[in-house]
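To keep things clear, I will list the structure first and then write my remarks on it.
Laboratory data are not the source of any read-out in this text; all were calculated from the coordinates shown. Everything numeric here is computed off the predicted structure, so don't read it as measured data. For neighbour counting, all protein chains shown are included, and Cβ atoms are generated from backbone atoms with ideal geometry for every residue, glycine included.
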Amino acid sequence: MKKTLPLLLARIVPPLCAAALLSSCGTFGNYGSEVTVAADRTKAGAKFAPPTAEKPAYYYLVSVGALELGAVYAGEQKPPENSEVEPRIVQALAKQHYIRATAATPPPSLVIAYAWGSINPDTLDTGDPEQPPAQLNRGQMLALVTTNKTDTTPNSIDMTLNVPDLSDGRHFLLIGAYDAKSFEPGKKRAILWRAKLSTPNSSTTLAAAIPSLLDKGGDFLGQDGLPATIYEKIRKGTVTIGDAEVVEDKPGDASGQSKNNSPPAKPE
């Protein structure tokens, strides 16, 4: 791997990734909120094997930056800076055995790029009171919540069961892994997998959404399949049942009521 790779990545990866990560190849902060995870592998990544503790994957990390897509609404908050997002990305990747490459690690096999932002429906009034406004960017919003295995035919089972309502805007986090060797001179860039994590943006800020997106969707990094909507992480708990104990009635309690709990007197 050439030493100039990081400089090369800084120049060409952001515009490349912005399109590739969104493509489908063909009251947040509180648990119980909805997160849709669309994770898939491309043809180039068909043989990709997720890393393990015994065999981690080393990577270079590239930030595409914040993306604000669709209609712009007054009063929307500024997206968080990369300094707030990057540490959470690195932490989520580490949990799945992706290790950021340094001078002391083996050479990286991956280039992992990420972007964050919001997308709002961009509608056009048709002028016909009997027809709803046309959603100009529905295809882009659909790509955010589907994978390359989703049947996007209208009224298909996938569209009915696996695709959330797209009439509202969404906050999102996009993470994708490229084959590091594909950045060598003369080679075509090859994205291996991507994970698109999103949630409705009507009840939270993007800054508050990002930790929960990674908390609920981090396990899907590098995975492949149909989109999934997660409402709650199952948390293990224990219930301890003690020995049975017989409690005898106290004298004067046979009626089940004490003097202090006697019914109120009827008003005269």
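Would you mind ranking Asp128, Asp219 so that the residue whose beta carbon has the fewest other beta carbons within 10 Å leads the list?
In increasing order of surrounding Cβ atoms, one gets Asp128, Asp219.
May I ask you to work out the translational diffusion coefficient for region 111-241 at 4 °C, viscosity 1.567 mPa s, via Stokes-Einstein with Rh from the Kirkwood sum over Cα pairs, reported in whole µm²/s?
My calculation gives 75 µm²/s for D.
Once you list every other residue whose beta carbon is under 15 Å from the beta carbon of Asn82, what net charge do they have if Lys and Arg are +1 and Asp and Glu are -1?
Result for the neighbourhood of Asn82: -1.
Pop out the ³J(HN,Hα) list for region 188-198 in order, Karplus 6.51 cos²θ - 1.76 cosθ + 1.60 with θ = phi - 60°, rounded to Hz; leave Gly and Pro as x.
With coefficients 6.51, -1.76 and 1.60, one gets 7, 4, 10, 7, 9, 8, 8, 10, 10, 10, 8 Hz.
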